[in-house]
Amino acid sequence: MDLTSYAEWAVRLANDPDPPPELRPLRDELAAAFDEAGDERAVAARLNALLVRYPVRPQLTDHDGGGWHLHLAEDSAASAVMGLAAVVAELGADRLGRCQEQRCGKAFLDTSSNRSRRYCSSRCASRANVAAFRARRRNGS
């Protein structure tokens, strides 16, 4: 079972400015996990607590005609927590990041091969690069 799509759901939820009221507390907890990404033990403790609160119930399904495969239960909170926990377990908490573009700060998963991602999107990367270029030109460098 590929849990990446569930982890991406966790990212979208952590970045959602106006989630459904029932997901607001989870959004705040997931966002805090991204804020703590430099402290693996803190991230693990937070995700472990969330895994207890939002237990995962996998189900076999053949909904897409592609044969039987596993899905996490229809609980979107449990799916998000499990996906993020799986990424941390497989790749490490340092794969959770916050966009370095000054006006952004959105959460993202760093799936780059060399753990070098600094921005949530190519738009933010371009914006930051243009700002740095303009700053260098102003300073005569």
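The values are calculated or read from the model by the stated rules, or taken from the named source; none is laboratory data. For clarity, every value in this text was computed on a predicted model and none was experimentally measured. Because the Cβ atoms are built from the backbone with ideal geometry, glycine has one as well, and the counts that use them run over all protein chains shown. To get the accessible areas, we keep the full protein, side chains included, count just its heavy atoms, and leave off ligands, DNA and RNA. Shrake-Rupley method; radii C 1.70, N 1.55, O 1.52, S 1.80 Å.
The range 63-110 and the range 23-58 have Cα centres separated by 11 Å. Spacing of the modelled spin labels on VAL56 and THR111, each 7 Å from Cα toward Cβ, amounts to 1.6 nm. Among the trypsin sites (Lys or Arg not before Pro) found in the range 63-141, those both in a DSSP coil and sparsely packed, with 13 or fewer other Cβ atoms within 10 Å of their Cβ, are ARG103, ARG115. Heavy-atom accessible surface of the chain, averaged per residue, reaches 61 Å², computed with a 1.4 Å probe. Net charge dipole, the chain: roughly 1220 debye, given to the nearest 20, about the Cα centre with Cβ charges of +1 for Lys and Arg and -1 for Asp and Glu. Tell me the relative contact order for the range 1-74 as a rounded percent, counting alpha carbon contacts under 8 Å between residues six or more apart. Relative contact order here is 21 percent. For the range 2-128, with all protein chains in place and a probe radius of 1.4 Å, 50% of the accessible heavy-atom surface sits on carbon or sulfur. Considered as an equivalent ellipsoid built on the Cα gyration tensor, the chain has semi-axes of 32, 17, 14 Å, the largest given first.
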